[in-house]
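Structure first, commentary second.
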Amino acid sequence: MKLLRQNLIKNNYQNPYNVYRKLYQANQNYSLKEDEVNTWGYQLLEQNKKNEALQVFKLNTLLFPKSWNVYDSYGEILETLGKRKEAIINYRKSLELNPDDTNARKYLDDKK
């Protein structure tokens, strides 16, 4: 995780998936955990680094496309940035993967 952080900072958080792929290609044992990436995204958000958080949450959806939680978190940052249409798409994806996601359900119900 530390290596990814260092490389993303160096690249100004641009193309995070490509940065990850290069690290993985250099070391096939390189792996990340969904919750670690998500936690990092929220840490960036707490530091008011919203655009950086957006990139980290987006990366998590690419790394863990079958996880409802990554779409829920990505939806949150999109809404924070005023990207409502994209937020709705991601909250819907979260509900598709986990119909019990109360956060996504509440968000979508509030937008009706």
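Nothing in this text is a laboratory measurement; each read-out follows from the coordinates by a stated rule. None of these values were measured; they are calculated from a predicted model. Here the Cβ positions follow ideal geometry from the backbone for every residue, glycine too, while neighbour counts run over all protein chains shown.
One decimal place: the segment Lys33-Leu81 gains 14.8 nm when fully extended, by the rule 0.36 nm per residue minus the C-alpha distance.
Using only alpha carbon pairs under 8 Å that are at least six residues apart, calculate the relative contact order of the stretch 23-112 and give it in whole percent. Value for the stretch 23-112: 20 percent. Within the stretch 34-61, what residues put their amide N at less than 20 Å from the label point 7 Å along the Cα-to-Cβ vector of Glu96? Correct set: 57-61.
How large is log10 I(q)/I(0) at q = 0.18, 0.22, 0.23 Å⁻¹ when the Debye formula is applied to the Cα atoms of the stretch 2-110, each weighted equally and without solvent? Here log10 of I(q) over I(0) equals -0.85, -1.17, -1.24. Nearest 10 degrees, 0 to 90: what angle lies between the long axis of helix 50-63 and the longest principal axis of the chain (Cα atoms)? Here the helix axis deviates by roughly 90 degrees.
Loop only per DSSP, at most 12 neighbouring Cβ atoms within 10 Å: give me the trypsin sites (Lys or Arg not before Pro) in the stretch 2-59, ordered by residue number. Hits after loop and neighbour filter: Lys33. The Arg21 and Ile89 beta-carbon pair, evaluated with R₀ = 30 Å, returns a calculated FRET efficiency of approximately 0.80. Taking Cα atoms only, the orientation of helix 84-97 departs from the longest principal axis of the chain by about 90 degrees. Taking the longest Cα principal axis of the chain as reference, the axis of helix 68-80 is set at about 80 degrees.
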